[in-house]
Amino acid sequence: MSEVWAERIASLYDMMQRCTLCPRRCGVDRLKGESGVCGIGADAVVSSYGPHFGEESVLVGRCGSGTIFFAGCNLKCVFCQNYDISHLRRGGVVTTGELAGMMLRLAERGCHNINLVTPTHQVARIAEALSIARGMGLEVPVVYNCGGYESVDVLKLLEGFVDIYMPDIKYGDNEPGKKYSGVSDYWDRCREAVREMHRQVGDLQVSSQPIGAGQTVSLATKGLLVRHLVMPNNIARTDKVLEFLANEISKDTYVNIMSQYRPEWQASRFPELNRRITHAEYVEAFRKAEQLGLHRFAD
């Protein structure tokens with residue numbers, strides 16, 4: 001481990017003593033086992049890991065994206081589709097060495113990247129594990145797959161650790177963030193975070209890579225990949241999200257405009273959320289994106 005990485009990892013652990021790893025800034029001493037809103041204390045908690053073939057094609061390739069699902073979350077989305085992991089925190093405690101071993105095994109199985117799902121609140125352990133795994137030969141890109149509610153100070157410490165940032169921009173306004181995810185400043189903090197992510201890694205770079213027998217596959221190697229879930233009744237303020245990406249980040253932003261919203265977890269308590277989106281709502285989102293000059297869409 002280089003001196004620079006050691007210092008950054010130490011800074012992340014320091015943040016856990018009065019936790020400021022995310023914009024909630026709960027202030028609890030997680031190194032002593034206390035937990036804030038995320039529900040996770042000192043140790044890393046993993047729900048599952050393995051090759052995943054349901055991600056964007058530039059991550060999946062032929063052998064899959066090497067996903068590690070972390071339990072807990074710094075957001076409390078009432079419509080969460082992974083509520084058993086994020087809200088109920090189903091998973092097991094792993095040591096930093098065990099986490100590094102998971103990363104190495106995924107790479108050995110041929111996974112094209114290490115995909116860290118909901119890493120925000122466990123980032124100190126993750127960074128240390130990554131440093132160990134890199135030192136043991138891990139070479140595939142690292143994907144930071146998050147909910148978009150990130151601390152810029154933490155992201156700056158991750159520069160060089162992360163190759164591909166993949167935030168889910170949930171809302172283009174603070175109001176729905178407060179009502180449906182339990183944070184009053186989601187849109188403000190998300191915009192700051194995405195700007196910092198783009199500063200670090202730029203637009204998504206995709207290259208053709210050999211996979212044997214004379215075949216190639218297009219794979220993401222570095223950059224920003226943004227997900228946005230279209231929600232019923234334009235609750236997510238999709239137009240504002242797309243305007244931000246086109247006008248303040250880059251018209252070359254690689255975007256996955258997702259249609260798979262379904263009313264999960266506690267969404268039935270909110271009549272405006274308690275249905276799938278219509279075809280017209282999805283088409284309108286794409287029309288707006290193209291009108292703004294966005295042109296790189298995930299498949």
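The values are calculated or read from the model by the stated rules, or taken from the named source; none is laboratory data. The model shown is predicted, which means the values in this text are computed figures rather than measured ones. Heads up, the Cβs are rebuilt from the backbone with ideal geometry, glycines too, and the neighbour counts pull from every protein chain shown.
For the stretch 267-282, name all the residues that are in a helix (DSSP H, G or I) and surrounded by 12 or more Cβ atoms within 10 Å (Cβ to Cβ).
The answer is ALA267, SER268, GLU272, LEU273, GLU281, TYR282.
Mind checking which residues of the stretch 168-195 are in contact with a helix residue (DSSP H, G or I) (Cβ under 7 Å, 6 or more places away or on another chain), surrounded by 22 or more Cβ atoms within 10 Å (Cβ to Cβ) and under 22 Å from GLY223 (Cα atoms)?
Matches in the stretch 168-195: ILE169, LYS170, TYR171, GLY172, TRP187, ALA193, VAL194.
So which of VAL28, VAL78, VAL46 is crowded, with 16+ Cβ neighbours inside 10 Å and out of contact with any Gly (no Cβ under 8 Å at 6 or more places or on another chain)? Spell out how you get there, then give the answer.
Values: VAL28 fails: out of contact with any Gly (no Cβ under 8 Å at 6 or more places or on another chain); VAL46 fails: out of contact with any Gly (no Cβ under 8 Å at 6 or more places or on another chain).
Only one candidate passes the filter, namely VAL78.
Taking only the stretch 83-99 into account, find how many residues are assigned to a loop (DSSP other than H, G, I, E, B), surrounded by fewer than 17 Cβ atoms within 10 Å (Cβ to Cβ) and not aliphatic (A, V, I, L, M).
The total comes to 2.
Does LEU106 fit the bill of being within 28 Å of GLY160 (Cβ to Cβ) and under 14 Å from the mean Cα position of the chain (by Cα)?
So LEU106 does not fit the description; no.
Which numbered condition trips up THR118, out of (1) of a type in the set (Ser, Thr, Tyr); (2) free of Cβ contacts under 8 Å to residues at least 60 places away in the same chain; (3) farther than 20 Å from GLU56 by Cβ?
Result: THR118 fails condition (3) only.
Every residue, every condition in (1) touching a residue at least 24 places away in the same chain (Cβ under 8 Å); (2) surrounded by 20 or more Cβ atoms within 10 Å (Cβ to Cβ), yes or no:
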{"residue": "MET197", "(1), (2)": "yes, yes"}
{"residue": "GLN205", "(1), (2)": "no, no"}
{"residue": "GLN209", "(1), (2)": "yes, no"}
{"residue": "GLY214", "(1), (2)": "no, no"}
{"residue": "THR221", "(1), (2)": "yes, no"}
{"residue": "VAL230", "(1), (2)": "yes, yes"}
{"residue": "ALA246", "(1), (2)": "yes, yes"}
{"residue": "THR253", "(1), (2)": "yes, yes"}
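Hey, could you check the stretch 49-66 for residues that are in contact with a Pro (Cβ under 8 Å, 6 or more places away or on another chain) and either buried (at least 24 other Cβ atoms within 10 Å of the Cβ) or at pLDDT below 95 (or both) and say which is nearest to ALA124 (Cα to Cα)?
GLY66
Go through (1) among the polar types (S, T, N, Q); (2) over 18 Å from VAL226 (Cα atoms); (3) touching a helix residue (DSSP H, G or I) at 6+ places or on another chain (Cβ under 9 Å) and name the single condition SER65 misses.
Of the numbered conditions (1) among the polar types (S, T, N, Q); (2) over 18 Å from VAL226 (Cα atoms); (3) touching a helix residue (DSSP H, G or I) at 6+ places or on another chain (Cβ under 9 Å), the odd one out for SER65 is (2).
In this structure, is ILE40 within 20 Å of THR20 (Cα to Cα), crowded, with 19+ Cβ neighbours inside 10 Å and touching a strand residue (DSSP E or B) at 6+ places or on another chain (Cβ under 7 Å)?
No: the conditions fail for ILE40.
What is the number of the single condition among (1) in contact with a helix residue (DSSP H, G or I) (Cβ under 7 Å, 6 or more places away or on another chain); (2) within 23 Å of CYS80 (Cβ to Cβ); (3) assigned to a strand (DSSP E or B); (4) not basic (Lys, Arg) that GLY223 does not meet?
Here GLY223 meets the rest and fails (2).
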